[in-house]
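The values are calculated or read from the model by the stated rules, or taken from the named source; none is laboratory data. Everything numeric here is computed off the predicted structure, so don't read it as measured data. Quick reminder, even Gly has a Cβ in these numbers, built from the backbone with ideal geometry, and neighbours come from all protein chains shown.
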Amino acid sequence: MKHKIGNGKKSACVLIVGSLVVIAFAVNSTNAQKTQNAALAPPVITSAADKAAIQTFESQVKAYVQLRNKVREDAPKLPKKGTPEQIQAYRTALEESLRKARGGAKRGDIFTPEISDYIRRTLKNEFQGKDRKELREIVFETELQGVVLRVNYPYAQSAELSEMPATLLAKLPQSTKELRYRFVGRYMLLVDRESNVIVDFMPEALP
Amino acid sequence: MKRLFKLNFLIVPLLIASLFIPVASQRLNGNSTSKSSATSSLKLSLPLKDGSLRFAVIGDTGSGSSKQSQLGELMFQYRSIFPYEFVLMMGDNLYGSETPKDFEKKFSDPYKKILDSKVKFYATLGNHDLALQVNYANFNMNGKEYYRIKKGSVAFYSLNSNYMDQKQVKWLEDELAKDTSDWKVCFFHHPPYSSAKKHGSDDQLREVVEPIFIKYGVNVVLTGHDHVYERIKPQKGIYYFVSGAGGKLRTGDIESSSPLTEKSYDRDLHFMLFEVAGDQMYFQAISRTGETIDSGVIARTRK
């Protein structure tokens, strides 16, 4: 009987040790996973005002996308394997139709003062510290002669596009596949991916 | 007798060394082959093995300059001694405006003979490229900013390094996780490692993609952006190339004291040729003037 109890205790011990090893391993690999993706972790929003600003921003973006997709239906169809002529016809039609449909659009419609404030604070945090020197170099090295910022008009084709670092994108309010964040100097832009039209922009986005 | 012994003392090690030197040299330079007749000046350092996968690489091409066309002509000539199946483009496919005439001047004219030979080009987007290039038939992107193609035992991943958002990162991880290909090659515009002075290593991008490459066994990474040629010393088991001078050149841009460089070239435009045979990937970089600027073989160790 004692033997049986002894065996039971031994089994329990083995089970406990085994479980601890498994738990330790799981915790360790979770931590490793976290470490690996830390650069891409979205920021934790604690302020109610920030939450509201982000919600408003997201609903404005959604409204733009709905309008854009409606306009897009009237544009000439662009095949996945198109010709340069088809690409140009599609881009021009989309650009003109968007301008017409958003006739009254002005700077600050989507980048409201509240979300602009949130974005400025977020970017300021990201651009602090010596290790962010590279980040500044990436953003500010872009040659941007000829870029005129005007809502509803395209980003100059002849100008290069600044790279949007993944680590920065992860910290910004999530946009949609139809829109892209861009930097022009210290300005931040929202650009329509296909038509290249500037949907909105905010000054002094970067510290 | 004593003298003979002394002589043997010198000769024997030399003989032993001579047995090894050619092998080492062949490993680095491949089998150099020259063809006669019209292509006699073309030098090939690739083995042309039966059943191998052959492709070319060009980057930062879309200038529309006469030198870009000259390089395109040389690439076409090389096809006669090294029939490559397709061409990978490292981005900046069109500099400046993108009208139909620009597509002609900066792409379809310089590579007309290659296109006419039914060789497919697979592009990736650079910082000078508009998003709708993904819908251009000759770039074979099928409307996608990032995509995977499989050729023989090699899986190629074209990434959009201009906009590495979380959606793309997740896609890459998901695709690589289920990929059982022998070779995994990623190509995109911005180099995670580069010794060029103008741009250099993109640390921000590297921070995100390198752990994924390591985790899922990516073997080779091809990039452009810096208008030079550079083969980087293997980094954490991965081979990185910068091939960004297919149409634009930044002479003297390589930092000569860079600890990253295995081999570099910044004096003329260039293109690259690759041959994959089993566990070996052979490569050759060729300048516009026909000079072989680098060649060698990569053994597949990451499985």
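Looking at B:254, B:293, B:286 in this structure, which one is touching a residue at least 60 places away in the same chain (Cβ under 8 Å), surrounded by 20 or more Cβ atoms within 10 Å (Cβ to Cβ) and of a type outside the set (D, E, K, R)?
When all the criteria are applied, what remains is B:286.
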What tally of residues in region B:170-207 results from selecting those that are crowded, with 17+ Cβ neighbours inside 10 Å and free of Cβ contacts under 8 Å to residues at least 12 places away in the same chain?
3
Among the residues of region A:68-115 satisfying the criterion of being loosely packed, with under 14 Cβ neighbours inside 10 Å and part of a helix (DSSP H, G or I), which is modelled with the lowest pLDDT?
A:74
Has region B:166-184 got at least one residue that is in a strand (DSSP E or B) and within 23 Å of residue B:71 (Cα to Cα)?
no
Would you point out which residue out of A:194, A:178, A:163, A:126 is touching a residue at least 40 places away in the same chain (Cβ under 8 Å), within 12 Å of another protein chain (Cβ to nearest Cβ), among the acidic types (Asp, Glu) and surrounded by 21 or more Cβ atoms within 10 Å (Cβ to Cβ)?
A:194
Positions within region B:70-97 being more than 16 Å from the chain's Cα centre (by Cα), at pLDDT 95 or above and either within 19 Å of residue B:135 (Cβ to Cβ) or at the interface with chain A (Cβ under 9 Å from one of its Cβ atoms) (or both), in sequence order:
B:94
Residue A:122 fails exactly one of (1) more than 16 Å from the chain's Cα centre (by Cα); (2) over 27 Å from residue B:224 (Cβ atoms); (3) not small (Gly, Ala, Ser), namely (1)
Which one of the conditions (1) under 30 Å from residue B:211 (Cβ atoms); (2) in a loop (DSSP other than H, G, I, E, B); (3) touching a Leu at 6+ places or on another chain (Cβ under 9 Å); (4) within 13 Å of chain B (Cβ to nearest Cβ) does residue A:173 fail to meet, given that it meets all the rest?
(3)
Suppose we keep only residues that are modelled with pLDDT under 95 and charged (D, E, K, R) within region B:144-169. Which one would you say is surrounded by the most Cβ atoms within 10 Å (Cβ to Cβ)?
B:165
